[in-house]
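The values are calculated or read from the model by the stated rules, or taken from the named source; none is laboratory data. Just so we're clear, the structure is a prediction, and the values are computed from it rather than from any experiment. With ideal geometry, Cβ positions are generated from the backbone for all residues, glycine too; neighbour counts draw on all protein chains shown. All accessible areas refer to the heavy atoms of the entire protein, side chains included, with ligands and DNA or RNA removed. Shrake-Rupley method; radii C 1.70, N 1.55, O 1.52, S 1.80 Å.
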Amino acid sequence: MELTAWMSLALICMMGAMTPGPSLAVVLKHTISGGRINGVAASIAHGVGVGVYATLTVVGLAIVIQQTPWLFNVIKYAGVAMLLRLAYKALTSKPALDDAEQQQEVVTLKDSIVQGFMIAFLNPKLAIFFLALFGQFVEADAGWLQNLIMVGTVFTFDTLWYCLIAVVLSQSSLLAKLKNNVHKIDKVTGVVLLAVAARVAI
């Protein structure tokens, strides 16, 4: 892959990762509730989920999904269900009454990994996004190295961006204030997730 082509791919991937959405909401949620390790774990898991879609696109599965409506719909509505579940949990969260209760509500590392991965993997828009994106760069005679570079670029930019958010937020003096108002943030997150779910479903 030529350097200019890679720079174009990298720029698009960077802009895509920086666009606010449900993924950012999930990373913020786990950073606030669990701390830096949880935020980084959710970020890496999200990058893996994005990398899976990128890999499937490179090998042609995204084309199969596009040409098989029932399979696309399965992924689409599984994603809607995941968003609705996260929205419900966020909207029904309650403020902690004391430190002990707040400690009980801290998310586990497993929760962060699972939700970070699933919020990416159950997003059907990624299949179409990568189909449109990679269609500009994939060549019929491309070797495994070029495909690996493309997938690695997507994974790296997505993971580094969300890890940066998690690390910066966990070191910030704002974290204590955010923890004290986590139930309010949950409500906002829940509304955002509901809006995204509605948009995907419609």
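Listing for the model above:
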| item | result |
| --- | --- |
| Of residues in the stretch 162-176 being polar (S, T, N, Q) and modelled with pLDDT under 70, the one most open to solvent (accessible area, probe 1.4 Å) | S173 |
| Qualifying residue in the stretch 177-185 (condition: over 21 Å from the mean Cα position of the chain (by Cα), at pLDDT 70 or above, assigned to a helix (DSSP H, G or I) and closer than 29 Å to T92 by Cβ) | yes |
| Residue in the stretch 96-116 that is at pLDDT 85 or above, among the hydroxyl-bearing types (S, T, Y) and loosely packed, with under 15 Cβ neighbours inside 10 Å present | yes |
| Any hit, the stretch 50-62, residues being outside any loop (DSSP other than H, G, I, E, B) and modelled with pLDDT under 75 | yes |
| Among (1) open to solvent by less than 60 Å² (accessible area, probe 1.4 Å); (2) modelled with pLDDT under 90, the one test that T159 misses | (2) |
